[in-house]
Amino acid sequence: MDITDTQRAILALIAERIEAEGVPPSQTEIARAMGFSSVRAAQYHLEALEQAGAIQRMPGRARAIRLCAAPSLSDELPVKQVEAADASNDALRLPVLGQVAAGRPIGADIGSDDFVLLDRVFFSPTPDYLLKVKGDSMRDEGIFSGDLIGVHRTRDARSGQIVVARIDDEITVKLLKIGKDRIRLLPRNPDYAPIEVEPGQDFAIEGLYCGLVRPNR
């Protein structure tokens, strides 16, 4: 496999993030970690890696990168595939529990009877439910209004992960940043301001973002 040292470093980054967090990095995160001046540079190297057979990508889905085992890489990278096996043996029946804001927080419309049957290939880790996105504050992560995002139910999250959070009974999806004296929920669209969690607010992590599907529209 003929790839550059930079592309090997990107493969190592992808493998490390999958091993540590269960999901690969976004193109924006790859560009930042590698010191690229634009996301387009990350796209170029990912396209080269895909052509070399080192990765597979699913167009239109955020963080949809699958590492492919290859003899020249097997001794160097902790290869772990994001995609699951055959969909017919590994389908998920997930409830759509309402809307989540990718913009300003909105009240959650919990309690829908809608269910969607999906392949596990779309998600890592395994989600417990789906939420429909409203707004475009997470567009630079590839999350757009109308998408259905998978949510893995947990109260624990690390700084730098994308989370579904509750603030005073309102729900939002944002990038979590935990500082020494404050918690911030960051959009991935420069048109939106960060949300500062104020002392005394009722704040909780409802779950981790773990992938999405984009209905035909």
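The values are calculated or read from the model by the stated rules, or taken from the named source; none is laboratory data. Being a predicted model, the structure only gives us computed values, none of them experimental. Quick reminder, even Gly has a Cβ in these numbers, built from the backbone with ideal geometry, and neighbours come from all protein chains shown.
The single condition from (1) at pLDDT 75 or above; (2) over 24 Å from residue 182 (Cα atoms) that residue 83 fails is (1).
Give the residue, chosen from 174, 180, that is modelled with pLDDT under 90 and in the same structural domain as residue 118 (by TED's automatic domain parsing).
Values: 174 fails: modelled with pLDDT under 90.
Answer to the check: 180.
Among the residues of segment 16-42, write down those that are assigned to a helix (DSSP H, G or I) and over 21 Å from residue 122 (Cβ atoms). 16, 31, 32, 33, 34, 39, 40, 41, 42, listed by residue number.
Evaluation of residue 118 against the conditions (1) aliphatic (A, V, I, L, M); (2) touching a strand residue (DSSP E or B) at 6+ places or on another chain (Cβ under 9 Å); (3) modelled with pLDDT of 85 or more; (4) within 26 Å of residue 207 (Cα to Cα) shows that the sole unmet condition is (3). For segment 40-57, the candidate set comprises residues that are under 18 Å from residue 139 (Cα atoms) and without any contact (Cβ under 8 Å) to a residue 24 or more places away in the chain; within that set, the residue that is surrounded by the fewest Cβ atoms within 10 Å (Cβ to Cβ) is 40.
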